[in-house]
Amino acid sequence: MPDLLPFLISGLGVGAVYALSGVGLVVLYRSSGVLNFAFGALGAVAAYVAWSALDHDWPLALAALAAVVTSVAISLTYGRLLAPRLAERESTVRSIGTLGLALVVLGFTEWFWGEQPRRLVLPTDAGAIEFADVRLTYTRVLGLAAAVSMMAAVGLLLARTRIGLAMRALADQRALSSILGIRVLQVDTAAWVISGAFAGVCGLLLANIVRLQATVLTFLVIPAFAAAIIGRLSSLPVTVAAGLIIGMLEAVAVLVPGLAPFRSATPFVIALLAIVLWRDASRKA
Amino acid sequence: MKITLQRIVAAAALLASGAAMAQAKPVCGLNNGKAASGEPIALGAVVGKTGPDDFSASALASQAYFKCVNANGGINGRPVELTIVDDQWNPEVAAQAAAKLVKDRKVLAMVGSSSFVECGVNAKLYAQEDVMVIAGVGVPRECFFAKNYVPVNAGPRVSATVVAMYAAQAYKAKKMVCVIPNIPSLGNWACDGAKDWGKANGVDVDVLAIDPGSPDATSTMLQAAAKKPDAIILNVPKGIMVPMLAAAEQQGLAKKIHFVSSTPAYNFDVPKAIGAAWNGNFDIHLEFMPVESAGADNLNWKATMEAFGSKSDPRDSFAQAGYLAARIVTEALLKMDPKKIDRASVSAALRNVKGFKSDILCRQFYVGDGARHNANSSGPISQVSGNGFKQVSNGCLMAADPELSDLREQEKKFGL
Amino acid sequence: MTPDSIRRERRAARLALLRMVFVVLALGALVPWLANAYWIKTLTSSLALAIAAAGVALLYGQLGLVSLCQYSLLGVGGWVALRVGHGLHWPFEACVVAGGLSAGVVGMLAGLPALRMKGLYLALVTLMLAGGFQVVISATGFPDGGAGFLGRISGSERLMLPRPALAQGEGAYFAYVAAWLAAMLALLELHRRTRAGRSWALIRRGEAVAEGAGVNVLLYQTWAFGLAGVCAGVAGALLSGAVGQLDGRAFAASESVMLFALSLIGGAYYWAGALVAGLLLRAVPSLLVDLGVNGYLAMVFFGAALLHALITAPRGLAGQWLAAFQRRAAKGRA
């Protein structure tokens, strides 16, 4: 039996980013009722902005800031200008709207930066923790820490603050909530800003851990949805745990002889199993 | 008679220009400085531009060469019109592109095509309509096993075999792992050249077929390293190769195992992207002589791009391939009677191509009328050095892949 | 409602059905005379995909269910058609029917666990199915004349699926696909007018309502998934005949999402909407490629157009045009 431990640990890296992306998706869903298909694309453009900044010898902090500002700006523009026009429609249509945004952002990113091979190198790559034949770079540790702390922070925001309450109310019953006096514009803005910031940070980490390539990063949103589904689009801790487990199992799958060529299907298989096994809990979302 | 004299003059001019610097005037076609103005000759190219990678450099280089030809007397007075269509890495669009070029535009041949998806989809159409394709770059198996498709490049199977041979020679590697994406027509073919060569030469080559869509390169590298090889052969597109090397570096494998790669890694953005850990530590097989080599034809290629290509056209190995394809077709067309240039005669002329020489290629190129074509089966080895590459092999290595035996027979008959 | 008015309605409905079939068949007959080889190929793909879009529109327009895996069912239909075509040498029509039915069965099976799910949750589950299919088909590829279960050939050229005897040429095949489109649209329309359609309308109001009215929700919902699957499977088989082969990398999950999005934009409540969706999926990108527009800029344009259509045309483009046409006709009558 080959040694599983190195693969479990290496899977924590990608798992952390699945977890973080999942939290970002669930947050926007819980606060605006929209499934953000553009999450990956926003992350991709943020990562490319950071790469360009680093290429021009900007300090890391400034480059990361520029990246997050980009994704927040695009997210905010969409949230304030375009999303309100779809506000009366059902949630499916609102989510397809974000698909349009994803295409625009992805097309622009690919066109502007082109296809040359690039790598987003962060200083935290240099150091690593040695653990059972595997080195876990500090970037991945950072990703793990970010996933857990963001989960706690957002959970607190939604559960304990006024704006969190307002977000949940708007997502549930938009018309009724606005009649009750909830400031729709303000809350919407907050939701899209938070989602944009998440997308930016996830994009930076994913570009480092996976690959700096716009199309790949954009469509990594689909496995991230798997983590969100297992959390039933509501529970943040379950989403984080699911993301980590998916990452680890996908890494271990490389050892199973027949399964290795299919291992990127792991998130989907696990999500489907979770749905079939816990069907009673899966009612209208 | 006149044509022969012009060709001698052209050859002499080529020799003379070989001594000059790269800024010299490019030499192409009849080389008489007269703009061609007869009835145009329609040629086409299908390239994969929008998608995982941009292969259009080869068709752009072909186009630059044809522009040079048109400014220098054309094909005995007739200009060449090359129409380039992007197949967007989508087989349906590739079929539409071929329909557009072959049936609507009625091209006489395809020159400088470079597509991952069109070989399988369009091979039958080309055979049915008797259109020869002198392609710049072919990748999957069906590009090298089609009657009418003639790639100028060597292909991933040959490339991996040559670099495996180099690793055995330079590093005395006895155990290797060859990493290949698990796509049909690639995953079960492109590493097998190295494997079969290894079996016949006492080297154990293990094939690792990976999921190209997987976001986790670290596990792949750990798995390859777990087999305790002396060398790891990466036979993957450069987009996937860069994260793999990054993962290998992070896991400390760069110092323990020799990493070598087939030709996709030969790209001028790669050394900077992969970083200093691989300086002097990563060997790559090249399908053509290095881009900065000082051979006469290579300098002519650069001069052609300078004078007739646009600034944004890449000057990489794809462009070398496109230039060669265009030169092959031009020379074949120049030998023909200008009044009898139609699809059938062009295809016959192209099949007759043998003994095509260029210092960009290691050996003479030929087409022949066989059921498959893979004339380029050798190449030099370069190593990442600083922000560029330096050649580390003594000249070219020829692939000793058992699958090439039918072509070696043919080459013997041609006297190569 | 008088007996007279009922008779008039019935006749109007019959006429509408005949009109739809006639328009599609006329398109099939006329276009080959007008279009060049590039456009005939493109429009053949468009018509085939219109069948799949009709299935998506059935699920969303009739039942309010979002399925983001229909393109994968297209792949299933194409796979089966290629396998029986190459392996058993069945006539083309039998391959199409086999492809359609198998995709229908898979669609029903996929629909079963999703039965109690609604809205976005169902959408995500189907997206997971599409994602899984993408990984599997990229690795196994489509049959191309070889032996074994997967039917992949190695050692020689990949084979193309032979076309039906009376539709060998490009123009003839276009008309053939148009005939299949007319048949599938008529099938869906007939469903809509019979008990199935009424049951679906009740299920859309609410499951409790439907159960109260005596409708077997399980049966009709599964039937709808199966029918949508059949549409997708038929489309896949016709596509495999059009190109002759299918490539595993062309069946990503994003294709299913685009199929749904463009069916919505085309108009999920009208048969013409499916046609518009097919054109948007293939003809518009081909136009942009033909004009030499950079592929990525075309993507930007597409995304913007998607948003615009979503915002300004709630009933889809077909709905918008139909409404405008009806307003014009009413003005004419007044």
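Tabulated data for the structure shown
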quantity: Considering residues of segment C:202-220 that are surrounded by 15 or more Cβ atoms within 10 Å (Cβ to Cβ) and of a type in the set (A, V, I, L, M, F, W, C) only, the residue nearest to C:Leu59 (Cα to Cα); calculated: C:Ile203
quantity: Matching residues, segment C:74-102, being closer than 19 Å to C:Gly226 by Cα and either open to solvent by 10 Å² or more (accessible area, probe 1.4 Å) or more than 16 Å from the chain's Cα centre (by Cα) (or both); calculated: C:Val76, C:Trp79, C:Val80, C:Ala81, C:Ala94, C:Cys95, C:Val97, C:Ala98, C:Leu101, C:Ser102
quantity: Counted residues, segment A:226-235 - those being in a helix (DSSP H, G or I) and open to solvent by 10 Å² or more (accessible area, probe 1.4 Å); calculated: 1
quantity: Tabulated pairs, segment C:179-205, first free of Cβ contacts under 8 Å to residues at least 40 places away in the same chain, second in a helix (DSSP H, G or I) and open to solvent by 20 Å² or more (accessible area, probe 1.4 Å), C-beta under 8 angstrom, 6+ apart or interchain; calculated: C:Ala196/C:Tyr220; C:Ala196/C:Trp223; C:Ser199/C:Tyr220; C:Leu202/C:Val209
quantity: Some residue of segment C:285-298 being in contact with a Leu (Cβ under 6 Å, 6 or more places away or on another chain), surrounded by 19 or more Cβ atoms within 10 Å (Cβ to Cβ) and more than 10 Å from chain B (Cβ to nearest Cβ); calculated: no
quantity: Check on C:Leu239, over 27 Å from A:Thr98 (Cβ atoms), touching an Asp or Glu at 6+ places or on another chain (Cβ under 8 Å) and either within 14 Å of chain B (Cβ to nearest Cβ) or among the small types (Gly, Ala, Ser) (or both); calculated: yes
quantity: Any hit, segment A:78-98, residues being within 17 Å of the chain's Cα centre (by Cα), surrounded by 17 or more Cβ atoms within 10 Å (Cβ to Cβ) and under 26 Å from A:Gly143 (Cα atoms); calculated: yes
quantity: Residue in segment B:225-238 that is most open to solvent (accessible area, probe 1.4 Å), counting only those that are more than 28 Å from the chain's Cα centre (by Cα) and hydrophobic (A, V, I, L, M, F, W, C); calculated: B:Ala226
quantity: From the options A:Thr77, A:Thr92, A:Thr124, A:Thr109, residue that is without any contact (Cβ under 8 Å) to a residue 24 or more places away in the chain, in a helix (DSSP H, G or I), at the interface with chain C (Cβ under 9 Å from one of its Cβ atoms) and of a type in the set (Ser, Thr, Tyr); calculated: A:Thr92
quantity: Residue within segment C:201-214 that is within 11 Å of another protein chain (Cβ to nearest Cβ), charged (D, E, K, R) and part of a loop (DSSP other than H, G, I, E, B) present; calculated: no
quantity: Qualifying positions in segment C:279-300 - over 21 Å from B:Asp53 (Cα atoms), of a type outside the set (D, E, K, R) and in contact (Cβ under 8 Å) with a residue 12 or more places away in the chain; calculated: C:Leu279, C:Leu280, C:Leu281, C:Ala283, C:Val284
quantity: Matching residues, segment C:139-174, being of a type in the set (A, V, I, L, M), part of a loop (DSSP other than H, G, I, E, B) and either at the interface with another protein chain (Cβ under 8 Å from one of its Cβ atoms) or crowded, with 22+ Cβ neighbours inside 10 Å (or both); calculated: C:Met160, C:Leu161
quantity: A:Val193 vs. criteria away from every other protein chain (no Cβ under 14 Å) and open to solvent by 10 Å² or more (accessible area, probe 1.4 Å); calculated: yes
quantity: Count of segment C:103-138 residues which are facing another protein chain (nearest Cβ under 9 Å), under 28 Å from B:Leu208 (Cβ atoms), open to solvent by less than 20 Å² (accessible area, probe 1.4 Å) and touching a residue at least 40 places away in the same chain (Cβ under 8 Å); calculated: 2
quantity: Some residue of segment A:201-209 being more than 14 Å from chain C (Cβ to nearest Cβ) and among the β-branched types (Val, Ile, Thr); calculated: yes
quantity: The listed residue being closer than 25 Å to B:Lys195 by Cβ and surrounded by 14 or more Cβ atoms within 10 Å (Cβ to Cβ), out of B:Leu397, B:Leu416; calculated: B:Leu397
quantity: Qualifying residue in segment B:44-59 (condition: open to solvent by 20 Å² or more (accessible area, probe 1.4 Å) and either modelled with pLDDT of 95 or more or among the aromatic types (Phe, Trp, Tyr) (or both)); calculated: no
quantity: Residue within segment B:303-317 that is in a helix (DSSP H, G or I), surrounded by fewer than 19 Cβ atoms within 10 Å (Cβ to Cβ) and away from chain A (no Cβ under 14 Å) present; calculated: yes
quantity: Test for C:Leu65: is it surrounded by 23 or more Cβ atoms within 10 Å (Cβ to Cβ), aliphatic (A, V, I, L, M) and either touching a strand residue (DSSP E or B) at 6+ places or on another chain (Cβ under 6 Å) or in a loop (DSSP other than H, G, I, E, B) (or both); calculated: yes
quantity: Restricting segment B:184-220 to residues that are under 25 Å from the mean Cα position of the chain (by Cα), part of a loop (DSSP other than H, G, I, E, B) and farther than 13 Å from A:Ala260 by Cα, the residue that is nearest to the other protein chains (Cβ to nearest Cβ); calculated: B:Pro184
quantity: Residues located in segment B:365-394, provided they are part of a loop (DSSP other than H, G, I, E, B) and surrounded by fewer than 17 Cβ atoms within 10 Å (Cβ to Cβ); calculated: B:Asp369, B:Gly370, B:Ala371, B:Gly386, B:Asn387, B:Val392, B:Asn394
quantity: Unmet criterion (only one of (1) part of a loop (DSSP other than H, G, I, E, B); (2) surrounded by fewer than 20 Cβ atoms within 10 Å (Cβ to Cβ); (3) away from chain C (no Cβ under 14 Å)) for A:Leu165; calculated: (1)
quantity: Residue among B:Pro40, B:Pro26 that alone is at pLDDT 85 or above and open to solvent by 20 Å² or more (accessible area, probe 1.4 Å); calculated: B:Pro40
quantity: Those residues of segment B:322-376 which are out of contact with any His (no Cβ under 9 Å at 6 or more places or on another chain) and hydroxyl-bearing (Ser, Thr, Tyr), in sequence order; calculated: B:Tyr323, B:Thr330, B:Ser345, B:Ser347, B:Ser358
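Yes/no per residue for (1) touching a His at 6+ places or on another chain (Cβ under 9 Å); (2) surrounded by fewer than 24 Cβ atoms within 10 Å (Cβ to Cβ); (3) within 11 Å of another protein chain (Cβ to nearest Cβ); (4) not in a loop (DSSP other than H, G, I, E, B):
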{"site": "B:Val85", "(1), (2), (3), (4)": "no, no, yes, yes"}
{"site": "B:Val93", "(1), (2), (3), (4)": "no, no, yes, yes"}
{"site": "B:Ala98", "(1), (2), (3), (4)": "no, no, yes, yes"}
{"site": "B:Leu101", "(1), (2), (3), (4)": "no, no, yes, yes"}
{"site": "B:Lys106", "(1), (2), (3), (4)": "no, yes, yes, no"}
{"site": "B:Val121", "(1), (2), (3), (4)": "no, no, yes, yes"}
{"site": "B:Ala146", "(1), (2), (3), (4)": "yes, no, yes, no"}
{"site": "B:Val150", "(1), (2), (3), (4)": "yes, no, no, yes"}
{"site": "B:Ala154", "(1), (2), (3), (4)": "yes, no, no, no"}
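The values are calculated or read from the model by the stated rules, or taken from the named source; none is laboratory data. All values derive from a computational prediction rather than experimental measurement. Cβ coordinates were reconstructed from backbone atoms using ideal geometry, including for glycine residues, and neighbour counts include every protein chain displayed. Each accessible area value is taken on the protein alone, full model and side chains, heavy atoms only, with ligands, DNA and RNA left out. Shrake-Rupley method; radii C 1.70, N 1.55, O 1.52, S 1.80 Å.
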